[in-house]
Amino acid sequence: MLLLKSLLAWLLILCLAVANGAFREAVLIPSLGRSSGLILSGVLLSVLVALVAYAFVHLKQGVTVTQGFCVGVLWLCLTLAFEFSFGRYVQHKSWVELFEAYTFEDGNLWSVVLLITLLAPYLAALAQAKSKHAKRGA
């Protein structure tokens with residue numbers, strides 16, 4: 001059941017990422033410029049991923065820290081698999097173009113988003129565990 005809910009949460013993240021990309025291209029970059037638009041888009045997506053992770057752990061109740069880490073690894077693997085397969089086989093991008101997203105060039109924060117994707121479920125589960133422990137001790 002945790003796996004299914006993890007996959008559903010990741011699908012929500014995927015939808016938010018696509019919407020964020022459309023917003024970046026249609027609004028942020030035209031109004032702020034490429035660098036500022038990419039930075040704001042990266043920060044926005046990182047916050048959205050963190051909120052989904054928090055909601056996932058909070059609503060699921062009982063997600064252990066280890067499970068939170070495993071969910072983060074799953075989300076990261078799914079994201080990378082989607083990013084490379086979609087970019088390569090649907091958008092027909094070269095490998096060089098695909099790896100450019102990992103260079104921080106022009107304010108691209110994609111690597112930070114991936115780090116947040118990996119760590120957010122773990123950190124949310126850790127925070128929940130500490131909160132439960134603190135309530136028991138009080």
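The values are calculated or read from the model by the stated rules, or taken from the named source; none is laboratory data. As the structure is a computational prediction, the values presented were derived from the model and not from experiment. With ideal geometry, Cβ positions are generated from the backbone for all residues, glycine too; neighbour counts draw on all protein chains shown.
So which residues in region 95-138 are more than 25 Å from residue 57 (Cα to Cα), touching a residue at least 12 places away in the same chain (Cβ under 8 Å) and more than 16 Å from the chain's Cα centre (by Cα), if there are any at all? The answer is 98, 106, 107. Of the residues 40, 4, the single one that is closer than 29 Å to residue 69 by Cα and over 16 Å from the mean Cα position of the chain (by Cα) is 4. The number of residues in region 96-129 being in a helix (DSSP H, G or I) and either of a type in the set (A, V, I, L, M) or over 23 Å from residue 75 (Cα atoms) (or both) comes to 19.
Here's a check for you: in region 89-138, which residue that is within 28 Å of residue 33 (Cβ to Cβ) and among the aromatic types (Phe, Trp, Tyr) is surrounded by the most Cβ atoms within 10 Å (Cβ to Cβ)? Let's see the steps before the verdict.
Initially, region 89-138 is screened for residues within 28 Å of residue 33 (Cβ to Cβ), giving 90-117.
Next, from what is left, pick out any that are among the aromatic types (Phe, Trp, Tyr): 95, 99, 102, 104, 110.
Numbers: 95: 10, 99: 12, 102: 11, 104: 13, 110: 18.
Checking each candidate, the answer is 110.
Only a single item in (1) of a type in the set (A, V, I, L, M, F, W, C); (2) within 16 Å of residue 127 (Cβ to Cβ); (3) in contact (Cβ under 8 Å) with a residue 60 or more places away in the chain is not met by residue 74, and it is number (2).
Listed by position, the helices (runs of 4 or more DSSP H) inside region 1-88 whose residues that are in contact with an Asp or Glu (Cβ under 7 Å, 6 or more places away or on another chain) and surrounded by 18 or more Cβ atoms within 10 Å (Cβ to Cβ) number at least 1 are 34-60. Sub-6 Å Cβ pairs linking a first residue in region 11-28 that is more than 22 Å from residue 74 (Cα to Cα) and among the aliphatic types (A, V, I, L, M) to a second residue that is in a helix (DSSP H, G or I) and modelled with pLDDT of 95 or more, at least 6 apart or interchain, are 28/37; 28/40; 28/41, ordered by first then second residue.
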